[in-house]
Amino acid sequence: MGMPIVVAARDGEVPDEVFDWFRHVDETFSTFKEESEVSRIRRGGLALEDASAEVQRVFARCEELREETRGFFDVEALGLDPSGFVKGWSVDEAAAILERAGLEEYAINAGGDIRTSGHWTIGIQHPLDAQAIAKVVEGDDLALATSGAYERGEHVRDPHTGVAPQGVLSVTVTGPDLGTADAYATAAFAMGARRGPAWTARLRGYEAMTILADGRVLSTPGFPAA
Amino acid sequence: MQTKLVAAIGAVAVALPVANATAAVKKKVSTVTKTITGPQAVADRWGYVEVVLTVKKTTTTTGTRKKVTRTITNVSVPVYPNHTDRSVFINQQAIPLLTQEVLTTTKFNPNIQLVGGATATSYAFAQSLQAALLKAKSI
C-alpha cells in the first residue's frame, strides 16, 4: 500500500499479528506488486472467480459500494483497483485483531485514515496548509476517512466523466466502518462541490465534513467536531 | 414516462391566476387548500421523481360572478433521483441540513493525539508529529 501505518494502544501491547496482517494485505492487494492477486486480476492473468475468497469478498463489497454511491465509487473505472476500499477495510480487520487480543483503548492510523477504540482527539489536516489543522474531532470508537485533492495529486475523478471534481478541497467521513467511510469520502469528493455535500446529508449512520475551495465548511449535524 | 413529467409541469401552469377582480356589491370569499401529488415519473435511468404541490384556491363570488384564483403555496419533491443535472437544483434543498462555517487554520496543540486527513504529501510531517504527540502524552 506504500503508506505508513501507526498502531497505538493504551491498555496493552500491540500484537505482532496486526503487522503480519498488514503485510499480508499488501502482498495480496497491492497494485504496485506485480505478483499480488489484485495485480494479476488487473492484467487479466487471474479471473475474479478463481481469486481467493478474501479477494472476492472485497470486490463484492466494492460493487455494493458502487451502487450505494450511485457509481461515484467505482473500482472498475479505475481498472479494477480496490485500494480506495482496501485501506479502510484492512484497518477494520486489524481493529478486530486488537479486540481479540483484549485491547479496548487503541488507535490505528493508516495514511491519514483512522480507527479508534476508546476516547481520542483527532486533528484533521488542513487541506491547504500541511502544517496546520482544519478541524478537531473528538469521540469514542471512531472511524474517520478523508479524501482530498492534496492526497495524491488530483487522483480522484468522477468515474462518469473522467474529470477531476472542482470546488472541493476535502471530504472527511466518520461512521462505524472505515472501509465504507473511505469509499463514501471518495465518492462525495468525486461528486464535486454542488452534489457531494447534499449527498452526504442523506447518508445513514455516517457523518461528513466537506471543505470547499471557497472556504466554506459544510458538516452534517452529527459530525463529531470537538 | 416523459409525458408524466410534462403533466406535472402542466399543473403548474393551471395554477396561475385566471381572472381579475372587479368591484362588487356583495362579495363572498372562500378558500380551499389542497395538496396534489403528481405521479412518480421515471427520470431517465436514475430513478423516480414525485412532485407534491400545495394549492390554495380562492373563490370570490360577486353577485352571480365567480372568480377563482389558484396559488401554489408550496412545492415539495419527496421522491427524486440523485444523479441528473436537473436534480442538482433539488439537491441543493438539502444543503440547509448541513451546518456551514468558515474554514479556519488551527495550530497543533498537545491535546491532539492523532492526525487524520489525506496525508500523502506530508506523510513524514504528519507521522513524526503524531509520534511526537503520542510520546508527549506518555510523559
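The values are calculated or read from the model by the stated rules, or taken from the named source; none is laboratory data. Since we're looking at a predicted model, the values are computed, not measured. Note that we place each Cβ from the backbone using ideal geometry, even for glycine, and neighbour counts take in every protein chain shown.
Of all residues in the range A:71-102, which are in a loop (DSSP other than H, G, I, E, B) and at pLDDT 95 or above?
Pass one, the range A:71-102, residues in a loop (DSSP other than H, G, I, E, B): A:71-82, A:101-102.
Selection gives A:Ala101, A:Gly102.
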Subset of the range A:103-139, residues at negative phi, assigned to a loop (DSSP other than H, G, I, E, B) and either more than 7 Å from chain B (Cβ to nearest Cβ) or touching a Leu at 6+ places or on another chain (Cβ under 7 Å) (or both), comes to A:Leu103, A:Glu104, A:Glu105, A:Pro127, A:Leu128
Near pairs, Cβ below 7 angstrom, 6+ apart or cross-chain, from the range A:197-210 (within 19 Å of A:Pro176 (Cβ to Cβ)) to any residue that is basic (Lys, Arg):
A:Met209/A:Lys135
Within the range A:202-217, tally of residues that are in contact with a Ser or Thr (Cβ under 6 Å, 6 or more places away or on another chain) and either surrounded by fewer than 24 Cβ atoms within 10 Å (Cβ to Cβ) or more than 8 Å from chain B (Cβ to nearest Cβ) (or both):
3
Suppose the filter is touching a strand residue (DSSP E or B) at 6+ places or on another chain (Cβ under 6 Å) and part of a loop (DSSP other than H, G, I, E, B); does A:Val6 pass it?
no
Among the listed residues A:Val58, A:Val91, A:Val75, A:Val86, which satisfies the condition of being away from every other protein chain (no Cβ under 13 Å), under 13 Å from the mean Cα position of the chain (by Cα), surrounded by 15 or more Cβ atoms within 10 Å (Cβ to Cβ) and closer than 21 Å to A:Ser36 by Cβ?
A:Val86
Does A:Ile41 meet the test of being away from every other protein chain (no Cβ under 14 Å), over 19 Å from the mean Cα position of the chain (by Cα) and aliphatic (A, V, I, L, M)?
yes
Residue check, A:Gly79 in contact (Cβ under 8 Å) with a residue 24 or more places away in the chain and within 23 Å of A:Glu207 (Cβ to Cβ)
no
Report whether or not A:Gly196 is buried (at least 19 other Cβ atoms within 10 Å of the Cβ), of a type in the set (Gly, Ala, Ser) and more than 11 Å from every other protein chain (Cβ to nearest Cβ).
no
Pairing a residue in the range B:96-119 that is within 7 Å of chain A (Cβ to nearest Cβ) with any residue that is exposed (fewer than 14 other Cβ atoms within 10 Å of the Cβ), where Cβ atoms lie under 6 Å and the two sit 6 or more apart in sequence or on different chains, gives B:Val102/A:Gly215; B:Leu103/A:Gly215; B:Thr105/A:Asp129
